[in-house]
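Just below is one structure, and these are the notes that go with it.
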Amino acid sequence: MIVLGIETSCDETAASVVGPGGVLSDVVHTQEVHVAYGGVVPELAGRAHADKIVTTVQAALDRAGITKPDAVVATQGPGLIGAVLVGLCFGKAAAAAWDVPFVGVNHLEGHLLSATMASDGPDFPFLSLVVSGGHTTLYLARGVGDYEVLAETVDDAAGEAYDKVARMLGLGYPGGPKVDALAQSGNPAGVALPRPQPKVRPPRTPAGRSGIRALDMSFSGLKTAVRSALEADRSLRPEDVAASFQAAVVDVLVDRVTRAASETGVSRLTVAGGVAANSHLRERMLALDLHCTLPPVSRCTDNAAMIAHAGRLRLVAGQRDPLGVAARAQWTPGTL
Ligand code: KG4
Ligand code: ZN
């Protein structure tokens, strides 16, 4: 089955064709319009997707050497609703016009399963840490569609913290790759920063607040500690701040996957999502005494190959979605 995948949940317009032998084409257009604003502007993202969707899909079909796929899949959420709608509506319309099956894919499930695209990818069950701009969640994946959330951030996502620290350092957007590059020449012990551990809370408190698990994470205090350090000492070297911040984030993520592996007895691990492109994170994860598989850097940040792959697994298992499926701004894979 040869599948066309479409991804438009944030600021990448992407299309890819995936077949039984793997990825046949993988086209990603990153929107430049947001750079001037220092972050993604939702309305501009939707308009830019509408401008680029036809040429991006056509390029993916041309590069794969096909004119019509056997099925179409598109990101259904979570994401910026106006952005998701463009790719989802286009995908549904294309499936209707070609008279082929359609499946809507959860963007996070795309990241979660991205390491299984490679021939040496992990077998189930495996731990999957999805670290992106909007989410930081550790899953236990038992099979396609069978995911347990073991831990998540209680406030900022790791990528969001990277982007905010980049802004404090005047590095611009997107911040993650810029902090990564600057940290290469910095001292990771140059600035003392906390490794936050949120206080555990039972699942339901009398005040109605949701619980906090022992493996949950928090990155907003770390971001505030970076701001305080910069305000307290104006002579701090930006490269030391970047390296120290990065060391703190990666220490927390390494701690959680190590503890999850020992608690669950599952030693296969993947890390995915934009922050999995981080050089220090990759180094540290691969050095752990676990079977860690990382997608290539180009498949960590948003792409349509991971969406086509996740949708293809569902299609091969016999799943189809009606063309009436709605875009979802919020949607955790634990509820799939
Ligand atoms: O998965 P992704 O492309 O989009 C979302 O689904 O959110 O992740 C984007 C996030 C951004 O916060 C970006 O700054 C971060 O991933 N990122 C990185 C690196 N490359 C991208 N963070 C740290 N180091 C990197 N090399
Ligand atoms: Zn993503």
Candidate set: region 135-146, residues that are open to solvent by less than 50 Å² (accessible area, probe 1.4 Å) and touching a residue at least 24 places away in the same chain (Cβ under 8 Å); chosen: the one nearest to ligand 1 (Cβ to nearest atom): THR136
Sole exception among (1) farther than 30 Å from VAL149 by Cβ; (2) modelled with pLDDT of 95 or more; (3) not hydrophobic (A, V, I, L, M, F, W, C) for PRO177, by number: (1)
Lone unmet requirement of (1) part of a helix (DSSP H, G or I); (2) closer than 18 Å to ILE2 by Cα for THR55: (2)
Filter result for the condition that a residue is open to solvent by less than 60 Å² (accessible area, probe 1.4 Å) and assigned to a loop (DSSP other than H, G, I, E, B), over GLY186, GLY170: GLY186
When residues of region 147-167 are limited to those that are away from ligand 2 (no atom under 16 Å from the Cβ) and open to solvent by 40 Å² or more (accessible area, probe 1.4 Å), the one nearest to ASP255 (Cα to Cα): VAL154
Verdict on THR75 being in a strand (DSSP E or B), of a type in the set (Val, Ile, Thr), open to solvent by less than 20 Å² (accessible area, probe 1.4 Å) and within 18 Å of VAL17 (Cα to Cα): yes
Residue tally, condition more than 28 Å from LYS164 (Cα to Cα) and either in contact with a Gly (Cβ under 7 Å, 6 or more places away or on another chain) or open to solvent by less than 30 Å² (accessible area, probe 1.4 Å) (or both), over region 37-65: 7
Count of residues meeting criterion [closer than 23 Å to ALA158 by Cβ, of a type outside the set (A, V, I, L, M), in a loop (DSSP other than H, G, I, E, B) and open to solvent by 10 Å² or more (accessible area, probe 1.4 Å)] in region 289-319: 4
Residue check for ARG284: surrounded by 17 or more Cβ atoms within 10 Å (Cβ to Cβ), touching a helix residue (DSSP H, G or I) at 6+ places or on another chain (Cβ under 7 Å) and under 22 Å from VAL144 (Cβ atoms): no
Members of region 129-146 found to be within 12 Å of ligand 2 (Cβ to nearest atom) and among the hydrophobic types (A, V, I, L, M, F, W, C), listed by number: VAL130, VAL131
Per-region count, region 263-281, residues within 7 Å of ligand 1 (Cβ to nearest atom) and either basic (Lys, Arg) or surrounded by 24 or more Cβ atoms within 10 Å (Cβ to Cβ) (or both): 4
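The values are calculated or read from the model by the stated rules, or taken from the named source; none is laboratory data. All of these numbers come straight from a predicted model, not from anything done at the bench. All Cβ positions, glycine included, derive from the backbone under ideal geometry; neighbour counts span all protein chains shown. Side chains are part of the model used for accessible areas, which takes the heavy atoms of the whole protein and leaves out ligands, DNA and RNA. Shrake-Rupley method; radii C 1.70, N 1.55, O 1.52, S 1.80 Å.
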